[in-house]
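All of the numbers you see were taken from the coordinates with simple rules; none came from a lab. Remember, predicted model here, so these are calculated numbers, not experimental data. No Cβ is skipped: glycine too gets one built from the backbone with ideal geometry, and neighbour counts run over all protein chains shown.
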Amino acid sequence: MIIVNKLGASMDIKFIKYDKRYSRNFYELNIEWLEKYFDVEDYDRSVLGNPEEFIINKGGVILFAKLENDIVGTVALMPTKEKKVCELSKMAVMPKFRNKKIGQKILNEIICISKQMKLNKLILYSNRKLKNAINLYLKYGFKEFLDSIEKVGVGMNVGFLTGHNKIRRVVMNLDNREPTVEELERMKNLASKAMDEGAFGISTGLKYLPGNFSKVDEVIEISKEISKKGVMNEDIISTSLGLKGIPALAEELQIVRDLFILEYSGGKLHIPTISTKKSVELIRNAKLKKLDVSCSVAIHNLLFTDEKLKDFDTSFKVNPPLRLASDNKALIEGVKDGTIDMVTSDHNPINIEQKKIEFDFAKNGTIGLESAFGALNSLFSTKKTIQLLNNGKDRFGVTSSIIKIGSKAQLSLFNPSKNYVFEKKHILSKSKNSLFVGSKLKGSVYGVIANNSSSIKI
């Protein structure tokens, strides 16, 4: 095709598809463009240096604009995970041929090719400072994504992450090896510092340099450091509140590790206070394998979800955190079918100075002894409740008392059918940090007779 530049000189532009002979042209055209307007990432250099591997072999297309014997421009179609959708990328024109409508002709040609490929959609990424390019894209029917979603309306969903690749590069440059103990510690410290400065978590990209030199264990160790900063369950609620999350995966990975060790070495294992649906499944499968494993759940994880944290009430800040309704359901089913062997009050008295402060800095924990029976009895039968509260004795070798003339009395006195609202007046603990305050409970404890003494509430 023939185009005419501003000076009136004619240029015979031909379009050719990728050939190894032009791989250097593809690299140099794009590097010049990227270095001028953007920061060149290692991944960019990898793609540009290996176009066959990253584009052609994946079903993509690279097109060149040729003037006589010179390659003056290029563009690529890169397949995406979405079927029949490609990214229009790596579009560049030699500097001295810019502003001569060559980019326009390249864009027109690649759109024609995309139609021949029967693609449903083309996407591209650009920078708003490239106004001429933006205008060209709009002219050819592209629509700005941000403009489209602004018309529809969306909720804010933004969180800044610290990058594993960046942390590794700072500590180890581009070394293709495992980190030393000292280097791993430096990476963990950098991740921790990033969280203190406002990051919500860590991003990983093991296909990028230098992350692709890493082993999963390295990422896990750094993620463990990140997890120390979490204050609630990681999900929609944590994002909307702007609070750092504790992912269910953190618990589940630890359980997987411990179960693997148990299966390999034998022995006996108890996992306290599980909180996720997947954790229940993992332990259920382990028991089917006849592994000697038991577990417990905190009573509050059966009844409350992370929705309770919308008011930033630190009474509900516990560890493991309150999860989702689907987790509650799975935990209750796990109790019913015996996957979960016992329950615990997870009683943790905390003074008011450590609870009535900013949510991020408040200590984890709730008291639970005074509410344990009433809360559990509201979910299960009285017989099941008593069983769950006593199952730990057999597992841990605690002698159970018997009701018999001459035996030492170890008795609990209660009314299993009394319904009431749990209030601070029902709390005997000096600490009042209970998340059950205001909850409807079933079953009231009158007192105990134990150790040759009694405590009876009249």
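Could you tell me whether segment 2-152 comes out rounded, prolate or oblate from its Cα gyration tensor? Rule is a ≥ b ≥ c as square roots of the eigenvalues, rounded for a/c under 1.5, then prolate if a/b exceeds b/c, otherwise oblate. Rounded.
Could you compute the net charge surrounding I110? Neighbours are other residues with a C-beta less than 13 Å from the C-beta of I110; K and R count +1, D and E count -1. So the environment of I110 carries a net charge of +2. Fully extending the segment from R24 to E109, taken as 0.36 nm per residue of separation minus the present Cα-Cα distance, adds 28.4 nm. Does anyone have the angle between helix 248-265 and the longest principal axis of the chain? Alpha-carbon axes, 0 to 90°, nearest 10? Here the helix axis deviates by roughly 70 degrees. Counting only aspartates and glutamates at least 8 places from K143 when in the same chain, those with an alpha carbon closer than 20 Å to its own are E82, E87, E109.
Most simply put, the chain has about 70% antiparallel DSSP beta bridges, counting only bridges with both residues inside it. Just need log10 I(q)/I(0) for segment 239-388 at q = 0.19 Å⁻¹, Debye formula, equal scatterers on the alpha-carbon atoms, no solvent, rounded to two decimals. Log10 I(q)/I(0), no solvent term: -1.19. Among H347, H270, the order by Cβ neighbours within 10 angstrom, fewest to most, reads H270, H347. For the chain, the spread of Cα coordinates along the three principal axes comes to 114, 50, 41 Å, biggest extent given first.
Mean residue ellipticity, 222 nm, helices only, the chain: the sum of -39500 (n - 2.57) across DSSP H runs of n ≥ 4, divided by residue count and rounded to 500, is -11000 deg cm²/dmol. Counting only DSSP beta bridges with both residues in segment 233-456, the antiparallel share comes to about 60 percent. Charge dipole of the chain (Cα centre as origin; +1 on each Lys and Arg Cβ, -1 on each Asp and Glu Cβ, all else neutral): 1120 debye, rounded to the nearest 20. About the centre of its Cα atoms, segment 2-152 shows a dipole size close to 620 debye [charges on the beta carbon of Lys, Arg (+1) and Asp, Glu (-1) only; nearest 20 debye].
Each of L269, I220, V318 was scored by the projection of its Cα onto the charge dipole of the chain, and the greatest displacement toward the positive side belongs to V318; charges sit on the C-beta of Lys, Arg, Asp and Glu. Against the empirical 2.2 N^0.38 Å (N residues), segment 204-312 has a Cα radius of gyration ratio of 1.26. Altogether, the Stokes-Einstein calculation at 25 °C and 0.890 mPa s, with the Kirkwood radius of segment 11-58 over Cα pairs as Rh, returns a diffusion coefficient of 208 µm²/s.
Answer rounded, prolate or oblate for segment 88-147, using the Cα gyration tensor with square roots of eigenvalues a ≥ b ≥ c: rounded when a/c is under 1.5, else prolate when a/b is larger than b/c, else oblate. Verdict is oblate for segment 88-147. On the beta carbon distance between S381 and D196, with R0 = 41 Å, the FRET formula returns roughly 0.30. Going through the cross-link list K215/K317; K81/K118; K229/K329; K278/K329; K36/K90, which pairs have a Cα-Cα distance over 23 Å in this structure? Over 23 Å apart, Cα to Cα: K215/K317; K229/K329. Each Cα pair of segment 161-229 feeds into the Kirkwood radius, which the Stokes-Einstein equation turns, at 25 °C and 0.890 mPa s, into a diffusion coefficient of 211 µm²/s. In terms of the mean number of neighbouring beta-carbon atoms within 10 Å, the peptides 129-135, 313-319, 209-215 order highest first as 313-319, 209-215, 129-135. In this simple spin-label model, placing a label point 7 Å from the Cα along the Cα-to-Cβ direction at both K336 and I357 gives a separation of 4.2 nm. Helix 181-196 and the longest principal axis of the Cα set of the chain meet at an angle near 90°.
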